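What follows is a set of notes on a single structure, which appears directly below.
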Amino acid sequence: MTIPVRRCNLPDMPADSPRQLPELDAAIRDDALDCVMCGICVPHCPTFSITENEADGPRGRISILLGVSQGELSVDESVRDHLDGCLTCRACEVVCPSGVAFGRLIDAGRERLASEPATALQPRALARPFRWLRDGVLARRRVMGAAWKGYRALHALGLGGVARRLSGRLGAALPKRPPAPLATSSRPAGAGDGARRGTIGLFIGCTGEAMNANTAGAAEQVLAALGYRVVIPREQVCCGAMHAHGGEPGPAEALRDRNARAFLDAGVRDVVVLGTACRSELAALESKHDIRVREVTEWLLETDPADWPAMQTPNWRIAVHTPCSQRNHLGQPGATRALLERIPGLELVEIDGNERCCGAAGMHVLLYPEQARSLRAPKIDSIADLQPDFVVSANVGCATHLGGGTDVPVIQPVELLAAAFERGRNGSN
Ligand code: SF4
Ligand code: SF4
């Protein structure tokens, strides 16, 4: 039996090249049979913590996938919901003593659901309105940029709340206050001549002209200050994470290949990525193309602080958030804190429950908004208790989701660094 071919609406997107069902089932069985059903992962699972239903935890999901792949269990709406409700946070994977590759398994599980002929049994992300939202808005940088400009304008007129309420799930996912840029100079802060050390390609993602525009500007300033020429190819596209985790690995790979072409055509082999989730997805470029990929926080940690220009900050209190993509996918749980510890004058505090997903999880915040709000609530309470000047998160999805629940500005670590460089250059606190 062949999985039906489906097309994505992004330009130049080739048809999905799905695995044949027997091959897919064999791959699922291979990974699922590594599980010894010990249950160590179960209390670490955010979705299990909400429903306390075994089928909403990793062990239950593995049992379901095993049953489906062995032909002992048919896919119905309940099976779809238990599998599709997974956040792909991989908190289960990092505590598993048997090394079960849960991230790969659940992606294959959604690919398996995508093979179902009935829409009601497919991943929610493939339903027509969500597919349109993903391919027509979220994955299009310029559309997102225009929509964000509109939201900022309405917010400036005091109509931000109305815009959020009228925009349905998308509006509910927007931050209450669109953040203003911290570092304002367009000039590199410090002595950087912007070419001394080489050329870096900056991957700004779908949100690089919208929610991530301030981060992109800050990263450009920081890289230039450290002596690098920065290239931002306009041909770069979505990293493909939404497709990969939504049951469509074919379009995800096509997007990655387009990004590889965009950077290689621009003569760039070192790519710095804004956002830990995009970095996680683009890691696959390294094995297929002659490209080195780093998220901006990890790239900065590989530089020598002795080469950095002077820094100053006004004793800001910073609440550190650790995205699952940084902690579990990239295996860098301390990266944000390590970078911020290099900036003098900051007081760093941790948000309670940092090891648990905030609920953003790519499109999950739009597909399962109630679950996303439940998972965010304890973090918002913790932020209220901590009373920081800023919340810092290295992933735009998490930053945007957290910003929807608090009036405290939520920014990315590189923005703080750009501001510290700028203040160091001006000699101001
Ligand atoms: S996934 Fe790992 S930790 Fe969880 S039940 Fe299976 S073997 Fe145990
Ligand atoms: S990836 Fe996250 S949400 Fe999914 S089963 Fe594992 S811990 Fe639970």
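The values are calculated or read from the model by the stated rules, or taken from the named source; none is laboratory data. Everything numeric in this text was worked out from a predicted model, so none of it was measured. Cβ: placed from backbone, ideal geometry, glycine included. Neighbour counts: every protein chain shown. Just the protein is used for accessible areas: all its heavy atoms, side chains included, with ligands, DNA and RNA removed. Shrake-Rupley method; radii C 1.70, N 1.55, O 1.52, S 1.80 Å.
For the range 22-33, the criterion of being in contact with a Gly (Cβ under 8 Å, 6 or more places away or on another chain) and either at pLDDT below 95 or near ligand 1 (Cβ under 10 Å from one of its atoms) (or both) is met by none of the residues.
For D84, the stated conditions do not hold, so it cannot be described as open to solvent by 30 Å² or more (accessible area, probe 1.4 Å) and more than 14 Å from ligand 1 (Cβ to nearest atom).
Filtered by the rule that a residue be at pLDDT below 95 and either assigned to a strand (DSSP E or B) or open to solvent by 20 Å² or more (accessible area, probe 1.4 Å) (or both), the range 311-343 gives Q312, P314, N315.
Here's the yes/no breakdown for (1) acidic (D, E); (2) open to solvent by 70 Å² or more (accessible area, probe 1.4 Å); (3) more than 27 Å from the chain's Cα centre (by Cα):
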residue	(1), (2), (3)
L21	no, no, yes
L24	no, no, no
D31	yes, no, no
G39	no, no, yes
S49	no, no, no
N53	no, no, no
P58	no, no, no
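Screening the candidates A254, A283, A210 for the property of being within 18 Å of W148 (Cβ to Cβ) and either under 17 Å from the mean Cα position of the chain (by Cα) or open to solvent by less than 30 Å² (accessible area, probe 1.4 Å) (or both) yields one hit, A210. Of the residues V79, V75, the single one that is more than 12 Å from ligand 2 (Cβ to nearest atom), touching a helix residue (DSSP H, G or I) at 6+ places or on another chain (Cβ under 8 Å) and either open to solvent by 50 Å² or more (accessible area, probe 1.4 Å) or in a loop (DSSP other than H, G, I, E, B) (or both) is V75. G67 meets all of the listed conditions (1) surrounded by fewer than 18 Cβ atoms within 10 Å (Cβ to Cβ); (2) part of a helix (DSSP H, G or I); (3) within 11 Å of ligand 1 (Cβ to nearest atom) but one, namely (3).
Restricting the range 82-106 to residues that are within 9 Å of ligand 2 (Cβ to nearest atom) and of a type in the set (G, A, S) leaves a set whose member that is nearest to A125 (Cα to Cα) is G85. Per the listing R90, R141, the residue uniquely buried (at least 16 other Cβ atoms within 10 Å of the Cβ) and away from ligand 1 (no atom under 16 Å from the Cβ) is R141.
In this structure, does P97 turn out to be within 16 Å of ligand 1 (Cβ to nearest atom) and open to solvent by 40 Å² or more (accessible area, probe 1.4 Å)?
Against the criterion (within 16 Å of ligand 1 (Cβ to nearest atom) and open to solvent by 40 Å² or more (accessible area, probe 1.4 Å)), P97 qualifies.
Screening N395 on (1) open to solvent by less than 20 Å² (accessible area, probe 1.4 Å); (2) farther than 29 Å from N315 by Cβ; (3) polar (S, T, N, Q) shows it passes everything except condition (2).
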